[in-house]
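Report on the structure given below.
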Amino acid sequence: MNRLMRRCFVISSSLLIISGVIPAWYLLSSSQAIAQELSNEERREEGDRLYQEAESYFNQARYHEAVNLLQEALTEYRASGESYAEALTLNALADAHRKLSEYREMVDRRNEAISIFRELGSIRQEAIALSSLGLDNIPVGRHLEAVDLLEQALNLIRETDDSITEIHILRYLANTQRIFFENYPLAISLQQEALGIAREIQDRHREADVLRNLGSMYADDLSQYNIAIESLQQSVAIYQELNISSGEVLAFMELGDTYLRMQDYQNAIDNYEFALSVCQNGDSCRMESTILAKLGEGYLSKRDIQTGTNFIQQAIHVAVK
């Protein structure tokens, strides 16, 4: 009921009381209900305002301010009975506590959010919060718990039609299995499953990202360089098609690293130079120092000491300026 409708209700009710159609107590009880509804609406609006302000602080890496505002927003949402907004705010609080390395608070807030989403029957949001809780467990060394929570999230999200979140969770699981358990075959299988979904929904960006990850895994973990090169070249082609220069730079760098491991130094140098060219022609070349250092490594491996040293010096100059 909006404000205009409330005013009309009070005026019409007053006329009916005067004419004796309805008793006076009815207007009193109805007015109290309207006042409560108005109060709830105002508190929801205040919660929204605080939440948006907190988001702004979070994006500026001002996490303490974000936490304070989110706690205020939480109070408003709880007072107005907005359970869904309450759960979203708890989730955001967990993210802010993670940035502050406040792991106990992070886990507590995340669990509160999960409980509310579960009560509301919001399967998608419960799955997202579970996957976040899984990632929350990694910095504190609880890797088995992380895998368990991510698998729970994966099973839940498969009850929805949210293929993009499914891809994300599969990749989180793959990276966890790869980094902390060195279970490379399972990690690759999970990435390939993500790749299949990306292709099925024709999400070219995520397809390129997964191909790049697969290329890195085949090269770094299994020394299957030909498969790695094929995957990375496919990712480069897609990034170029989509004009995503940041992904293109990373894929060229991975190609350079792969050729360097194969001791194919000229191909390594060529791909590093491609990466440098794309980087320098883009809007922001944050990787320039790293690429210059890799070029130096390539030339030094090729026994071209002078050129290699020059690139290393350039890398240092770019890094410190």
TODO: Kindly identify segment 42-121 as rounded, prolate or oblate by the Cα gyration tensor criterion: order the square roots of the eigenvalues as a ≥ b ≥ c, call it rounded if a/c is under 1.5, otherwise compare a/b with b/c, prolate if a/b is larger, else oblate.
DONE: oblate
Task: Contact order relative to length of segment 203-321, as percent, for alpha carbon pairs under 8 angstrom and 6 or more apart - done: 17 percent
Task: Positive dipole terminus of the chain, leading residue within T165, F180, Y103 (C-beta point charges) - done: Y103
Task: Calculated FRET efficiency for the pair A79/Q233, C-beta based, R₀ 51 Å, to 0.05 - done: 0.35
Task: Low-density loop cleavage sites - trypsin sites (Lys or Arg not before Pro) in segment 202-308, where at most 11 other Cβ are within 10 Å (DSSP) - done: R286, R303
- [ ] State the Kirkwood hydrodynamic radius of segment 90-180 in Å, one decimal place, computed from all pairs of distinct Cα atoms.
- [x] 12.9 Å
Task: Debye log10 I(q)/I(0) for segment 203-321, one point scatterer per Cα, at q = 0.16, 0.17, 0.22, 0.23 Å⁻¹ - done: -0.72, -0.80, -1.18, -1.23
Task: the chain: proportion of alpha-carbon pairs further apart than 39 angstrom, % - done: 35 percent
Open item on the list: Within a 10 angstrom radius of the beta carbon, how do I123, I229, I269 rank from fewest other beta carbons to most?
Closed with: I123, I229, I269
Task: Listed peptides 66-74, 52-60 by packing density, highest first (mean Cβ within 10 Å) - done: 66-74, 52-60
Task: Packing-based ranking, highest mean first, of 157-170, 90-103 given that Cβ atoms within 10 Å are counted - done: 90-103, 157-170
- [ ] Divide by every residue of the chain the summed helix terms, -39500 (n - 2.57) for each DSSP H run of at least 4, and state the resulting mean residue ellipticity at 222 nm, rounded to the nearest 500 deg cm²/dmol.
- [x] -28500 deg cm²/dmol
TODO: Report the charge-dipole magnitude of segment 232-321 in Debye, nearest 20, computed about the Cα centre from +1 at each Lys and Arg Cβ and -1 at each Asp and Glu Cβ.
DONE: 300 debye
Task: Taking E112, E230 and counting other C-beta atoms within 10 Å, the order from fewest to most - done: E230, E112
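FYI, it's all coordinate maths here, none of it is from the lab. These numbers were taken from a predicted model, which means no experiment stands behind them. Note that we place each Cβ from the backbone using ideal geometry, even for glycine, and neighbour counts take in every protein chain shown.
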